Amino acid sequence: YFSIRARADAIRYALSVREVEFQDVHVDINIVGKHPISKVPIFEGEHKEYTPFGCIPFWEDEQVKIGQTVAILNHIARKHDLYGATLLQQASVDQIVQVGEELINSYFPSIRYPTFVENLPALLEGPRGVLIRLQQIQRLLEHNQKTHQSYWFVGDQISIADCEMYHFLNNWVRPLPNGKSILQTYPKLEEFRKNFESLPQIQQFIKNHRVPTTMHKFAGGLNSPDLH
């Protein structure tokens, strides 16, 4: 993947949770032009030739060569017991991962726009905005914690749902222009984020392997600090 967090970090966390050794190959980011209407930078990389759909992240192991973030996450989850213990739990994992990707897709493209900060209210407060989704996600977490006496989103074991949610929440740690972090309003989500981050294997990953932030690189920084 590119040498940023963005769409690859949930995959990196899943591998790190299970202490799977992996080689994180970084592709150079080349800005080859701008979109004729939006003026958003267009990126090109050396990955076009060997990835199935000409895009990254891309994963290769002794069994598969696949692209697409969720496909990679699901493969790693099935292989390393991060997918829930029952069909019901697996459906819940899929649901949470899908919501995480929906939210990420709603703002990752827009962070390249010069108007990103001034458009934040609409992004946060719309009918399908970040704030509504955070309320719904927190309710799911609270329900599972009460049902299973667990820190995690599904059942009593960690899953890729937790990796996806930590990745998403970690993009909203820093204060917004109003001086407040969104997560101050959602204490259970912030507690979850801290619990996930305190795992020894995640601490090890952060210390030795975490790449630069996404938001900071493109929009002045909503992400957690580079060395956080």
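A few notes on this one:
- Note on the stretch 107-162: among residues that are among the polar types (S, T, N, Q) and at pLDDT below 75, the one that is most open to solvent (accessible area, probe 1.4 Å) is 119.
- Number of residues in the stretch 159-206 that are part of a helix (DSSP H, G or I), aromatic (Phe, Trp, Tyr) and closer than 21 Å to residue 105 by Cβ equals 3.
The values are calculated or read from the model by the stated rules, or taken from the named source; none is laboratory data. In this text the structure is predicted, and so the values were computed from the model without any measurement. Positions of Cβ are generated from backbone atoms using ideal geometry, with glycine treated the same way; all protein chains shown enter the neighbour counts. Please note that ligands, DNA and RNA were not included when accessible areas were found on the heavy atoms of the full protein model with its side chains. Shrake-Rupley method; radii C 1.70, N 1.55, O 1.52, S 1.80 Å.
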